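Below is one structure, written out as structure tokens; the observations come after it.
The values are calculated or read from the model by the stated rules, or taken from the named source; none is laboratory data. Predicted model only: the values in this text are computed from it and were never measured. FYI the Cβ positions are ideal-geometry reconstructions off the backbone, even for glycines, and counts take in every protein chain you see. Surface accessibility is based on the protein's heavy atoms, side chains included, excluding ligands, DNA and RNA. Shrake-Rupley method; radii C 1.70, N 1.55, O 1.52, S 1.80 Å.
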Amino acid sequence: MIQIKDKSKCCGCEACVQVCPKHCINFAQDNEGFFYPEADVETCIQCGLCEKVCPVLHPYDEHKPLEVLAAINNNEEVRKESSSGGVFTLLAEEVIRQGGVVFGVRFDEHWQAVFDCAETIEALAAFRGSKYLQARVGDSFTKCKHLLEQGRQVLFSGTQCQIAGLLHFLRKPYPNLLTVDFICHGVPSPKVWQHYLDEAVQAGKQAIADIKFRDKRLGWKRFSFTLNYNEQKLSYTLTSPFTQNPFMNAFLANLILRPSCYSCPAKGGRSNSDITIADFWGIEQVNPELFDDRGTSLVLIHSERGKLALNRQHLKWASASYEDVLHFNPSWQEPAPCHPKRSEFFAAFDEQADIHELIETCLQLSLHDRIKHKIKSFMNLLKKCYFLQNV
Ligand SMILES: Cc1cc2nc3c(=O)[nH]c(=O)nc-3n(C[C@H](O)[C@H](O)[C@H](O)COP(=O)(O)OP(=O)(O)OC[C@H]3O[C@@H](n4cnc5c(N)ncnc54)[C@H](O)[C@@H]3O)c2cc1C
Ligand code: SF4
Ligand code: SF4
Ligand code: SF4
């Protein structure tokens with residue numbers, strides 16, 4: 001029976017929860033906001049399935065990809081809405097055209113990240129763009145298995161540990177399954193995100209029309225965090241380069257990641273996915289012809305199925321080397337180092353904590369940056385009041 005004694009040894013993939021024949025594993029949120037399995041000893045029949053499917057207890061081997069590419073989706077509208085070069089949508093559209101089903105992550109009504117499945121090209125829009133949050137898997141592995149058993153083509157996308165969890169959960173290979181993951185920096189606490197939003201949006205979350213963690217209005221490399229509001233039939237936008245957004249700063253400085261992300265069990269190909277996609281940072285040096293600051297994908301192909309799935313006719317692409325991956329995207333192999341003030345942050349984090357203030361203190365932003373942030377927040381507030389009075 002699964003028992004989590006060391007939280008760094010559970011990536012929260014939910015494979016154990018879904019496989020349990022007695023449905024006796026609860027998935028409960030801890031005080032940091034991350035979810036962990038808790039088995040009910042009374043109901044458990046000691047079948048051991050939960051341990052069998054755990055990707056942390058049974059990690060796959062590391063491997064090098066068969067092929068490395070730099071790629072750009074020819075559809076500019078799709079690329080604009082995607083975080084990198086829009087390769088995810090290209091792969092997903094092919095599967096939908098064959099009558100298949102695509103699993104991905106969208107926002108729910110509280111602006112938390114959740115898994116869902118799509119059967120139309122239009123429905124893929126909700127999956128586009130990175131949501132820098134740990135997404136709840138729910139019963140997606142079970143649904144995926146049913147579809148595979150029915151003979152449907154399925155594309156399942158997720159973090160590397162979620163893909164490793166899915167493959168363990170399925171316990172046998174399916175020729176009709178294509179798995180797509182991404183190089184993963186880690187996932188921040190959903191609870192910190194919830195508090196951040198509560199503070200950022202004093203008007204209430206119902207007013208939010210859209211959130212983009214990777215808005216490309218200032219470019220792909222200098223991406224922005226954007227909130228679009230609809231309030232009393234008025235719409236307005238708050239946007240800032242990611243370097244000026246406290247939540248993004250805390251995420252990228254590794255202050256608020258899940259404990260398992262600091263010793264990730266699925267890096268270096270250990271997810272066993274067919275394809276890994278990511279940002280091709282450094283493409284301007286490797287192949288300037290594929291750089292226009294509107295997004296270039298790094299594509300790592302791990303299987304023959306992955307090779308066949310990528311329709312290169314709809315891409316601008318070029319081969320790249322494995323050394324480029326190691327050099328420009330070390331997250332492929334190396335987990336994020338834990339921020340020295342992570343424990344301090346979570347010790348002070350409670351219902352009353354001022355998240356902006358706490359992040360700023362823990363990241364020790366300079367006085368200059370803190371004043372700049374305050375002025376910017378004040379200007380945003382003024383802009384909002386002015387807009388509401390004049391439209
Ligand atoms: C939490 C997280 C960390 C990442 N870290 C890195 C990194 O360190 N380096 C790097 O190069 N790239 C990273 N990426 C991947 C990168 O941001 C792009 O998502 C990826 O390159 C695909 O881009 P795209 O343009 O092809 O398509 P997009 O349309 O941007 O891709 C969307 C895909 O991401 C999935 N997705 C979105 N949010 C989540 C989520 N919370 N959990 C699971 N799946 C999600 C969608 O279901 C869909 O499959 C990360 C993404 C996420 C979500
Ligand atoms: S051992 Fe079997 S019954 Fe017990 S929690 Fe694990 S999966 Fe459920
Ligand atoms: S890593 Fe996944 S399978 Fe293993 S204990 Fe955590 S949630 Fe369960
Ligand atoms: S860093 Fe590793 S453990 Fe953390 S979410 Fe990404 S794949 Fe999972």
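Rounded to whole Å and sorted largest first, list the principal axis extents of the Cα atoms in the range 130-270.
50, 36, 29
Which pairs break 22 Å Cα to Cα here: K131/K221; K52/K145; K221/K307; K7/K221; K191/K341?
Numbers: K131/K221 17 Å; K52/K145 17 Å; K221/K307 28 Å; K7/K221 33 Å; K191/K341 18 Å.
With Cα atoms farther than 22 Å apart: K221/K307; K7/K221.
Which value, in nm² and rounded to one decimal, describes the direction-averaged projected area of the C-alpha convex hull of the range 34-89? Please report the intermediate quantities before stating the final value.
Working: hull surface 30.7 nm².
Mean projected area of the Cα convex hull: 7.7 nm².
Leaving ligands, DNA and RNA out of it, report the carbon-plus-sulfur percent of the accessible area of the range 79-174 at a 1.4 Å probe. Please report the intermediate quantities before stating the final value.
Values: 1790 of 3590 Å².
Roughly 50 percent, rounded to a whole number.
Determine, at each q value in 0.22 (inverse angstroms), the log₁₀ of I(q)/I(0) that the Debye formula gives when each Cα of the range 240-305 is one equal point scatterer.
-1.06
Convex hull over the alpha-carbon atoms of the range 25-169: what's its volume per residue in Å³? Please report the intermediate quantities before stating the final value.
On the way: hull volume 23.6 nm³, N = 145.
Expressed per residue, the convex hull around the Cα atoms of the range 25-169 is 163 Å³.
Along its three principal axes, how long is the range 123-174 when you only count alpha carbons? Whole Å, largest extent first please.
Taking max minus min along each principal axis of the Cα atoms, the range 123-174 gives 30, 24, 16 Å.
In Å, the Kirkwood hydrodynamic radius of the range 304-360 over pairs of distinct alpha carbons? Spell out each step's value before the answer.
On the way: mean 1/r = 0.0623 Å⁻¹.
It is 16.1 Å.
Give me a comma-separated list of calculated 3J(HN,Hα) values for the range 257-265, in order, Karplus coefficients 6.51, -1.76, 1.60 applied at θ = phi - 60°, integers in Hz, x for any Gly or Pro.
Along the range 257-265, the couplings run 7, 4, x, 5, 5, 7, 9, 3, x Hz.
Across the Cα atoms of the range 205-329, what radius of gyration and what greatest pairwise Cα-Cα distance (Dmax) are found, in Å?
Using the Cα atoms of the range 205-329, the pair Rg, Dmax is 18.0, 53 Å.
Can you tell me the equivalent ellipsoid semi-axes for the chain? Use √(5λ) from the Cα gyration tensor, largest first, whole Å.
On the way: eigenvalues 209, 150, 86 Å².
Values for the chain, descending: 32, 27, 21 Å.
Would you mind checking the radius of gyration and Dmax of the range 74-143 based on alpha-carbon positions, in Å?
That works out to 12.1, 35 Å for Rg and Dmax.
Could you report the range 39-128's accessible area per residue, 1.4 Å probe, as an integer in Å²?
On the way: 4220 Å² over 90 residues.
About 47 Å² of surface per residue is accessible.
What do you get for GluC sites (Glu not before Pro) in the range 36-101 restricted to DSSP loop and a cutoff of at most 12 other Cβ within 10 Å of the site's Cβ? Write down the numbers at each step before the final one.
Numbers: sites: E38, E42, E51, E62, E67, E76, E77, E81, E93, E94; in loops: E42, E62.
Filter output for the range 36-101: E42, E62.
Pop out the Kirkwood hydrodynamic radius of the range 269-367 from its pairwise C-alpha distances, inverse of mean 1/r, in Å to one decimal. Before the final figure, lay out each step's value.
Numbers: mean 1/r = 0.0587 Å⁻¹.
It works out to 17.0 Å.
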